[in-house]
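Just below is one structure, and these are the notes that go with it.
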Amino acid sequence: MENSQSSNRTLKLNYKNTLKIGLAFFGILMLWQVYNIYCPIILEAMLKDLNVEHYNYIIGVIMALDNVVAIIIMPIVGKLSDKTSSKFGKRMPYIIIGMLLTAIVFPFVAIMCKMNLLVGVIIAMLLFLVIMQAYRSPAVALMPDVTPKPLRSAANGIINLTGYLGGVFVTLLGFVPFFKMNSSSSLAQIQDRVLWPFIICTIILVIVLVYLIFAINENKLVEETKDDVAYGETLSENFDTIDEDNKLSKKDSKNLIIILIAIFFWFMAFNSFETFGSLFFKNILNDSNLYSQMATFLSVSSILSFILFSGISTKIGRKWTIVVGLILLIIGLLGIAFVSLTIHRRSLEVSSWKIFYIAMSLIMGIG
């Protein structure tokens with residue numbers, strides 16, 4: 001009788017708890033957006049002030065370090081959190097300590113810039129990267145710990161939505177005239193203007209941290225959801241046996257390699273856009289705020305796409321969904337590049353082209 005009742009059990013996603021867990025991602029993506037928009041501008045201004053040649057290469061290397069740090073740090077901390085047992089749970093100690101240390105270190109990127117200490121800026125950036133990647137892994141693992149397997153896709157969508165809202169908040173600063181920078185902005189002006197996004201977002205991070213400490217009792221959540229999580233595992237069991245002798249077919253191996261190569265170039269291209277986007281708009285189009293405004297519309301259209309197009313892959317297939325998405329990204333990037341170079345070469349007013357840039361960012365967000 002008990003087995004019959006459990007087999008008819010209906011699993012329901014706890015939206016309130018999922019949103020709470022998603023606040024950790026809100027903080028992560030909020031700070032990443034500040035980092036990606038303002039750190040290249042800080043580095044360029046300080047390297048140019050020191051008359052460093054080929055500074056763009058140096059900026060590219062420094063801005064790419066987050067991926068290197070992630071490869072090293074995330075698996076280590078992930079395994080540590082798996083083995084952790086405390087009154088705060090397995091994941092929350094890392095999230096709490098990580099957010100606290102981030103709140104201490106992050107403002108020093110801008111403070112060191114204000115003090116005109118390039119070495120201090122780089123050290124603060126590296127510390128931020130290590131701390132951020134360290135608590136990102138437990139933040140990722142917390143949701144599956146308390147969510148049954150069949151509901152994790154929906155929960156992941158909510159967490160991504162919450163995280164993107166953090167990014168949107170930062171990009172809204174691009175609508176404030178004070179934060180506008182152009183190719184003629186002096187180092188002193190840049191030092192004043194980049195300081196505030198770091199301070200404002202750090203204060204918000206502290207507020208989120210305090211809320212999470214009081215709102216999430218991880219051990220209690222795990223206890224309350226353990227039966228549903230266990231039941232979800234039974235619903236997702238794979239009864240096909242897999243042993244070491246099973247190998248991918250030649251066709252599947254080829255497809256896997258093609259997918260990995262595509263992902264490599266896809267992320268390399270978009271990361272380069274994120275790294276140098278703010279510098280391009282500041283130096284070529286004389287309007288750094290336009291990049292932030294574009295990022296706002298890109299994020300909003302991404303959020304709406306999560307909701308509106310969530311089932312499109314079941315209709316046209318995953319492959320063609322990815323292909324269409326990449327085509328939209330390519331159209332957006334090529335459109336931005338072509339119009340930007342035209343504006344630059346003909347000394348046109350970029351303000352009259354803002355609608356076009358917004359349209360391209362919406363297309364990219366959907367892609």
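For the chain, the fraction of 1.4 Å probe accessible surface lying on carbon and sulfur atoms is 66 percent.
Mean 1/r over all different Cα pairs, inverted: what Kirkwood radius does the range 19-73 give, in Å? Don't jump to the answer; show the numbers that get you there.
Numbers: mean 1/r = 0.0775 Å⁻¹.
For the range 19-73, inverting the mean 1/r across all distinct Cα pairs yields 12.9 Å.
The residue list Tyr35, Ile73, Ser253 was ranked by how far each Cα lies along the charge dipole of the chain toward its positive end, using unit charges on Cβ atoms, and Tyr35 comes out on top.
Using a Förster distance of 35 Å, how high is the FRET efficiency between Lys83 and Phe270, based on the Cβ-Cβ distance and rounded to 0.05? Mind showing how you got there, number by number?
Details: r = 35 Å, r/R0 = 0.99.
Working from the Cβ atoms, E equals 0.50.
Considering only Ile307, Leu348, Thr202, the residue lying farthest towards the positive end of the dipole of the chain is Leu348, judged by Cα position with unit charges set on Cβ. The dipole here belongs to the range 1-122: it is taken about the Cα centre, uses +1 on the Cβ of Lys and Arg and -1 on the Cβ of Asp and Glu, and is about 780 debye. Computed from the C-beta positions of Ala262 and Asn160 and an R0 of 30 Å, the FRET efficiency is 0.90 to the nearest 0.05. Under 19 Å from a label point set 7 Å out along the Cα-to-Cβ vector of Lys254, the amide N atoms of the range 308-343 belong to 319-320. The alpha carbon convex hull volume per residue for the range 85-225 rounds to 122 Å³.
Using the crude model of +1 on Lys and Arg Cβ and -1 on Asp and Glu Cβ, and no other charge, please compute the dipole size for the range 50-106 relative to its Cα centre, in debye to 20. Mind showing how you got there, number by number?
Details: 5 positive and 3 negative charges, 106 e Å.
Dipole magnitude for the range 50-106 comes out near 520 debye.
Shape call for the range 267-307 from the C-alpha gyration tensor, a ≥ b ≥ c root eigenvalues: rounded (a/c under 1.5), prolate (a/b greater than b/c) or oblate? Here the range 267-307 falls in the oblate category. Available extension along the chain between Arg318 and Thr234 is 27.6 nm, counting 0.36 nm per residue and deducting the alpha carbon span.
Share of pairwise Cα-Cα distances greater than 12 Å in the range 125-175 is 72 percent (whole percent). Toward the positive end of the charge dipole of the range 49-187, about the Cα centre and with charges on Cβ (Lys, Arg +1; Asp, Glu -1), which of Thr162, Leu129, Thr102 goes farthest? Value: Thr162.
The helix-only estimate of mean residue ellipticity at 222 nm for the chain, built from DSSP H runs of length n ≥ 4 each weighted as -39500 (n - 2.57), is -27500 deg cm²/dmol after division by the residue total.
Between [x] 21.1, 65; [y] 22.7, 79; [z] 22.4, 73, which entry matches Rg and Dmax of the Cα atoms in Å as derived from the coordinates of this structure? Correct label, based on the coordinates given: [y].
Once the other residues with Cβ under 13 Å from the Cβ of Tyr55 are scored (Lys, Arg +1; Asp, Glu -1), what is the net sum? The partial results should precede the final answer.
Details: positive: Lys48; negative: Glu44, Asp49, Glu53.
My count for the surroundings of Tyr55 gives -2.
Taken about its Cα centre, the range 125-253 carries a charge dipole of about 900 debye when Lys and Arg each add +1 at the Cβ and Asp and Glu each add -1 at the Cβ.
With Cα atoms as the point set, the range 193-324 shows a radius of gyration and Dmax of 22.6, 60 Å.
The values are calculated or read from the model by the stated rules, or taken from the named source; none is laboratory data. Not measured: the values here are computed from a predicted model. Here Cβ is always computed from backbone atoms with ideal geometry, including for glycine, and neighbour counts include all displayed protein chains. For accessibility, only protein heavy atoms count, side chains too; no ligands or nucleic acids. Shrake-Rupley method; radii C 1.70, N 1.55, O 1.52, S 1.80 Å.
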